[in-house]
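Working notes for the structure below.
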Amino acid sequence: ANLHMKDRLSPYPGTTDVYRTIVPDEKVPWSVNWPDYKPVEYTAQKVLKNPPWADDVNTKKIKHYNELDGQIDRRSFMGVYKIDEDTNRPKNPQGRMGISGRGLLGRWGPNHAGDSLVTRWSKHQRDSTQKVLEIILINRKDNGRLALPGGMIDPGEHALAAVKREFIEEALNSNPDVIKQVDKLFKKANSVYKGYVDDPRNTDNAWTETEAINVHDETGELTKDLELEAGDDATNVKWVRLDRHYNVHASHESIIQMVIKQHGGYEYWRDN
Ligand code: RP5
Ligand code: MG
Ligand code: MG
C-alpha cells in the first residue's frame with residue numbers, strides 16, 4: 001500500500017463535520033491533472049489565533065520556503081516542495097489530501113517533529129529462540145492511539161533535544177529527578193528515520209515530518225529503574241512487547257519495523 005492513507009481519512013481530527021474531498025489514489029499525485037479538484041478548506045481556530053507555534057494565515061508574508069527562515073526550519077526532508085504561485089501556499093509533496101489550509105498544523109509546509117523509540121530486549125518471550133524487542137509507547141490524548149513519544153520541534157531546537165524533551169514530558173511526566181538517567185540513556189541515541197509522517201492532520205498545504213531517534217538499551221541496565229508516568233499530551237505509557245501488530249498512530253508502525261530489523265528482533269509481521 002502506498003505510504004499515505006491515514007492522512008486522507010475523515011472527519012478531520014478534532015472535528016465532527018470536516019470531511020475531506022475524496023481523492024482517488026490515482027489522482028493523489030499533483031502530476032496527474034485534475035482541473036476541477038476542489039479541496040475542503042479548513043484551519044483550526046486555535047491555529048488562526050496566531051499562537052507562537054503557528055504561522056500567519058496570510059502566506060504572502062512567508063518569504064523563505066524551503067529554507068531556514070530565522071529559527072523556523074521550512075526545509076523538507078523530501079527535497080524542494082512546490083509553491084502554488086496564486087496562493088503562495090506550499091504543496092504537500094505526497095500529493096492531494098482533499099483538504100486545504102493548515103488544519104491543526106501551525107506551519108505552512110513541513111511541520112517538523114521528533115520521535116523517540118526507546119527499546120530493550122523483552123524478558124518474557126514466548127519462544128526463547130526469538131529475541132523480541134519491547135518499546136516504550138504512549139497513548140495519545142487526542143486520539144487514544146498507541147504512539148511513539150514525540151512532538152513538534154520548537155524553533156531553533158535540535159531534533160535530539162526535542163525528542164528528549166518530549167520523552168520526558170510524555171513518558172516520565174516531566175519528573176525532574178530523571179534528567180541524569182535520561183541523559184545517560186540518550187547517549188546511545190541513533191537517528192533511524194528522517195521523513196514524512198502519514199499523520200491524520202496532514203493537508204494539501206501543511207504536513208508533518210519527523211526525525212525518529214532510537215535509544216536501545218542492550219543490557220536492560222539503563223532502563224530497569226525508569227519510572228514510566230504519562231504526562232502532557234499522553235494519557236498512558238508502558239513497555240510494549242513487539243511480538244504482534246498494534247494499530248499505532250500515523251506511520252509509526254513503519255518506523256518501529258525499521259528498528260526491529262536493525263536490531264535483529266523477531267519480525268512479527270512475517271508470522272501473522
Ligand atoms: C506525528 O505526530 C509525529 O510522528 C509525532 O509523533 C507527533 C507530533 O505531534 P504531537 O505529538 O505534538 O501531536 O506526526
Ligand atoms: Mg506528542
Ligand atoms: Mg508532546
Item to check | Leading residue by the ranking (nearest to residue 78 (Cα to Cα)) among those in segment 229-242 that are surrounded by fewer than 21 Cβ atoms within 10 Å (Cβ to Cβ) and in contact with a Lys or Arg (Cβ under 7 Å, 6 or more places away or on another chain) | outcome: 233
Next on the checklist: Return the residues of segment 117-131 that are open to solvent by less than 60 Å² (accessible area, probe 1.4 Å) and away from ligand 1 (no atom under 11 Å from the Cβ); say none if nothing qualifies.
Outcome noted: 118, 119, 120, 121, 122, 125
Checklist entry - With respect to residue 92, is the statement that it is open to solvent by 50 Å² or more (accessible area, probe 1.4 Å), polar (S, T, N, Q) and within 23 Å of residue 152 (Cα to Cα) true? => result no
Checklist entry - In segment 162-181, which residues are among the hydrophobic types (A, V, I, L, M, F, W, C), open to solvent by 50 Å² or more (accessible area, probe 1.4 Å) and either within 16 Å of the chain's Cα centre (by Cα) or closer than 11 Å to residue 113 by Cα (or both)? => result none
Checklist entry - Within segment 62-69, is there a residue that is surrounded by 10 or more Cβ atoms within 10 Å (Cβ to Cβ), out of contact with any strand residue (DSSP E or B) (no Cβ under 7 Å at 6 or more places or on another chain) and not in a loop (DSSP other than H, G, I, E, B)? => result yes
Checklist outcome for this item: The number of residues in segment 149-167 that are of a type outside the set (Lys, Arg), closer than 15 Å to residue 215 by Cβ and within 14 Å of ligand 1 (Cβ to nearest atom) is 7
Item to check | Number of the condition not met by residue 53 [criteria: (1) surrounded by fewer than 13 Cβ atoms within 10 Å (Cβ to Cβ); (2) not in a helix (DSSP H, G or I)] | outcome: (1)
Next on the checklist: Every residue in segment 23-47 that is in a helix (DSSP H, G or I), of a type outside the set (Val, Ile, Thr) and open to solvent by less than 70 Å² (accessible area, probe 1.4 Å), please.
Outcome noted: 27
Checklist entry - Does any residue of segment 187-195 turn out to be within 16 Å of ligand 3 (Cβ to nearest atom), under 25 Å from residue 103 (Cα atoms), of a type in the set (D, E, K, R) and in contact (Cβ under 8 Å) with a residue 60 or more places away in the chain? => result no
Checklist entry - Counting only residues that are within 13 Å of ligand 2 (Cβ to nearest atom) and touching a residue at least 60 places away in the same chain (Cβ under 8 Å), how many does segment 167-186 have? => result 3
Checklist entry - With 134, 157 as the choices, which residue is crowded, with 16+ Cβ neighbours inside 10 Å and free of Cβ contacts under 8 Å to residues at least 24 places away in the same chain? => result 157
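The rows are residues; the columns are (1) within 19 Å of the chain's Cα centre (by Cα); (2) among the acidic types (Asp, Glu).
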residue	(1), (2)
192	yes, no
222	no, no
227	no, yes
247	yes, no
250	yes, no
253	yes, yes
258	yes, no
262	no, no
268	no, no
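The values are calculated or read from the model by the stated rules, or taken from the named source; none is laboratory data. Predicted, not measured: the structure shown is a model, and the values here were computed from it. Here the Cβ is made from the backbone with ideal geometry for all residues, glycine too, and neighbour counts use every protein chain on show. Side chains are part of the model used for accessible areas, which takes the heavy atoms of the whole protein and leaves out ligands, DNA and RNA. Shrake-Rupley method; radii C 1.70, N 1.55, O 1.52, S 1.80 Å.
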